[in-house]
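To keep things clear, I will list the structure first and then write my remarks on it.
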Amino acid sequence: MPADLRDSTLHRRLIDSLHVEAMLLADEARSYFDEAGRAEREALDPLDRVGFSCESLKVTTRLMHVIAWLLTQRAVDAGELRPRDALHPSRRLGEAPVTQPAAVLPLPTRARALIEASADLHRRVGRLDAAQELALPAASPVRSMHDRLALAF
């Protein structure tokens, strides 16, 4: 099996695995923050309730950024998007909202676990996003000149 096909298969499996993880975590977060965590949130002090709500939004933001990035990678693997197009800033992984450790301490254990899991997933996908540029072959100077000539005539 050629190395590029092995790498492509490995990349596809990694993306699929991360996609499943992200979707499961998103479902778990939605279920907790929208339903099960309500009683725990109501038991908190007013300021901690605000922190709970803010952190739930941060979890959602991290997960949506990850899921969007993974869907872009799937589009590249399916041939629907060129690898270079996936490097456009609008298709890159968005910045993760920062969570202050002191704001998380008073939160329930399950909320803290979801916050950490979403931050960890975002960090891992962020390493893959950063590595994308290294994986692309350098643009050929001859191809670049040919493209410029084609535009001129």
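The values are calculated or read from the model by the stated rules, or taken from the named source; none is laboratory data. No experiment lies behind these values; they were computed from the predicted model shown. A quick note on method: Cβ atoms are made from the backbone with ideal geometry, for glycine too, and the neighbour counts reach across all protein chains shown. Each accessible area value is taken on the protein alone, full model and side chains, heavy atoms only, with ligands, DNA and RNA left out. Shrake-Rupley method; radii C 1.70, N 1.55, O 1.52, S 1.80 Å.
Under the simplified labelling scheme, the VAL142-ARG82 pair shows an inter-label distance of 1.9 nm, with each label point 7 Å from Cα along Cα→Cβ.
Share of carbon and sulfur in the accessible area of the chain stands at 60%, probe radius 1.4 Å. Between 0 and 90 degrees, the angle of helix 3-31 with respect to the longest Cα principal axis of the chain falls at about 20 degrees.
For the chain, the per residue solvent-accessible surface stands at 65 Å², with DNA, RNA and ligands left out and a 1.4 Å probe.
Out of every Cα pair in the stretch 61-132, what percent are spaced more than 18 Å from each other? Mind showing how you got there, number by number?
Values: 1115 of 2556 pairs.
When every Cα pair of the stretch 61-132 is considered, 44 percent fall beyond 18 Å.
Compared with the dominant principal axis of the Cα atoms in the chain, helix 109-135 is inclined by about 10°.
Mind giving me the nanometre distance, one decimal, between the label points for GLU95 and LEU47, set 7 Å out from Cα along Cα→Cβ? Output for this residue pair reads 2.6 nm. Accessible area per residue was computed with a 1.4 Å probe on protein heavy atoms; THR9 scores about 40 Å². About its Cα centre, the stretch 1-140 has a charge dipole of approximately 280 debye under the convention of +1 per Lys or Arg Cβ and -1 per Asp or Glu Cβ, with nothing else charged. Taking the helices alone, the chain has a mean residue ellipticity at 222 nm of -24500 deg cm²/dmol, built from -39,500 (n - 2.57) per DSSP H run of at least 4 residues and averaged over all its residues. Over the Cα atoms of the chain, the radius of gyration divided by the Kirkwood radius equals 1.14; this is the Rg/Rh ratio.
In the chain, a dipole from Cβ-located charges (positive for Lys and Arg, negative for Asp and Glu) runs towards its positive end, and of SER31, SER8, LEU128 it is SER8 whose Cα lies farthest in that direction.
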